[in-house]
1. Please work out how much length the chain gains when fully extended from B:Gln112 to B:Glu283, using 0.36 nm per residue of separation minus the C-alpha to C-alpha distance, in nm with one decimal.
2. Once Rh is set to the Kirkwood radius over Cα pairs, what Stokes-Einstein translational diffusion coefficient, in µm²/s, holds for segment B:207-249 at a temperature of 25 °C and a viscosity of 0.890 mPa s?
3. Just the Cα atoms of segment A:172-300: what Rg and Dmax do they give in Å?
4. Place a +1 charge on the Cβ of each Lys and Arg in the protein assembly as shown and a -1 charge on the Cβ of each Asp and Glu, then give the dipole magnitude about the Cα centre in debye, rounded to the nearest 20.
5. Label A:Ser252 and A:Ala20 with points 7 Å out from Cα along Cα→Cβ: what is the distance between them in nm?
6. For a test of understanding, tell me how many lysine pairs in chain B have Cα atoms under 15 Å apart, given they are 8 or more places apart or on different chains.
7. Explain nothing, just compute: Karplus ³J(HN,Hα) = 6.51 cos²θ - 1.76 cosθ + 1.60, θ = phi - 60°, for every residue of segment B:120-127 in order, whole Hz, x for Gly and Pro.
8. Once the mean 1/r over all distinct Cα pairs of the protein assembly as shown is inverted, what Kirkwood radius in angstroms do you read off?
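A short reminder: the numbers here are calculations on the coordinates, not readings from a lab. The shown structure was predicted, so the numbers you read here are calculated from the model rather than taken from an experiment. When we count neighbours, we look across all protein chains shown, and the Cβ atoms used for this are built from the backbone with ideal geometry, even at glycine.
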There are 2 protein chains.
Amino acid sequence: MPLIVTGSIGIDSVQAPTGAAEDVLGGSCVYFAAAASFFTPVRLVAAVGDDFPPHFMDTFRRFRIDLAGLERRAGSKTFRWRGKYHENMNQRDTLSVELNVLAESLPPVPHQFRDSEYIFLANTHPAGQLDLLANFPHRKLAVADTMDLWIETQRPTLLELLTKIDGLVLNDSEAVMLTEELNIIRAADKILTMGPKFVVVKKGEHGSLLIHKDGEIVLPAFPARQVIDPTGAGDSFAGGMMGCLAATGDLSLTGLRRAMAYGTVVASYNIEAFSLERMKQIEKSHLDERYLKFQRMMAL
Amino acid sequence: MPLIVTGSIGIDSVQAPTGAAEDVLGGSCVYFAAAASFFTPVRLVAAVGDDFPPHFMDTFRRFRIDLAGLERRAGSKTFRWRGKYHENMNQRDTLSVELNVLAESLPPVPHQFRDSEYIFLANTHPAGQLDLLANFPHRKLAVADTMDLWIETQRPTLLELLTKIDGLVLNDSEAVMLTEELNIIRAADKILTMGPKFVVVKKGEHGSLLIHKDGEIVLPAFPARQVIDPTGAGDSFAGGMMGCLAATGDLSLTGLRRAMAYGTVVASYNIEAFSLERMKQIEKSHLDERYLKFQRMMAL
């Protein structure tokens, strides 16, 4: 089943103890779409400015991404993010962020995308997420990601979004911020009372968990000896997860568990290089192989 | 197979956002022995001072612990620890520690304990750990725990110990401290070069991982909605793990994985109350039940 995503497309600059990357392709829906495209065709709705480097398009073409909803907007500038990772690679500082085209309206949804059944609202302004969601009357599964910035500054809009989606994906620190509950499991319980049927909490190198009214899923991360750039780990996790769900249509706890494990595996590749460089080098067979390895590491 | 353990027996005082406990039974080998005793009989070699409250003996008797190696030493004082947990329950400050009898020599190993095949050197002075280890020529598996204090102050003795044991159990921050390697997996790789055949890294609420020359194991923690007192979580994890290994004799990666999962489950009970109060209330059947629940949460 085709999966549609909106979110940010960015020009990123990253400093890390492992090196630096200046003006590389990034953004939540880029990482998401590339990761999901290993499992299912992906439709993208997002805008860039007229400063968007044309050669970035080659990366999109490497993956199964339908770009009919990608608008290059004259007179606007592309979203930019500059960040720096700490020595331990688990924490980062945002050095600067320019919303630019992200603060404007979304491009129209192409007519041929309106039958989309699997919707992912990658991290972007919740008003844009709500706008996009309204276009898909036949949706089977709508999941959103969010971040600290929107929790702090757009809480009412975010709370409205929560009543309209099936699942929310967010970091552990964001779950705490949204609910003011320090225990992650209880924070997730509280988010379920705000609307979604399930919540996925991403814990970076510590894995992920899902709280659903019918049960819980806990998964470690795939152990990584070499982390080059954690940027996009959460988005590629969500991409692998949603791609797998859209491909199988299995929304049971078993299906969600398999999807989260595939998300974990895609993310573990993504962090092995800056930008999307590592995902560009792999095929679905690499994911299947590492999935089996992951399975063996924790099979009880 | 009987399992033998040495380590600390303590009088603990704990402050946490969930309450406080003054002068309660604690210590690494107490939590360990209680947890292990659900799986196999446990032999204990350790000393307390003449200030050790007699009613603490009732707790030992609740579990399958052979106390022939427990010495009540006249003129000595019991080890004492006072700590305070932060708001998030993941970090704690040691407010005071009195080594007392821990700084003296270990009691002699009772003759009938010398055939022990499974040895656990719970967290205590590495000289005491080395001393005890020398008593068991027929050992099949010797595993030690350690802590930041010994890594900082007793490094040569600790490094000697590492050449004589099969496995090391330690926290993530301790693995970093021991190896000066920030990546946990590479830190564990480095510890393997120091002697042990496997290293188990405990990550508290984030689970645990094992690095072995033949493979890796990663497990999340059991999701806990209510953490009352994390004291002894690592020791009860190790107790459940070693108890399971001694009971089954299965030292394969599959056996180690099952043992770590049982350790995870015992620890998840232990943190539900202060001191050993929660472990006193449960039976092996509770562990089996939660083990199945844990298995279902991550079965791929």
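1. 58.8 nm
2. 200 µm²/s
3. Here Rg and the maximum Cα pair distance are 14.7, 42 Å.
4. 1340 debye
5. 5.2 nm
6. Going through chain B pair by pair, I get 6.
7. 10, 9, 5, 4, 6, 3, x, 5
8. This gives a value of 25.4 Å.
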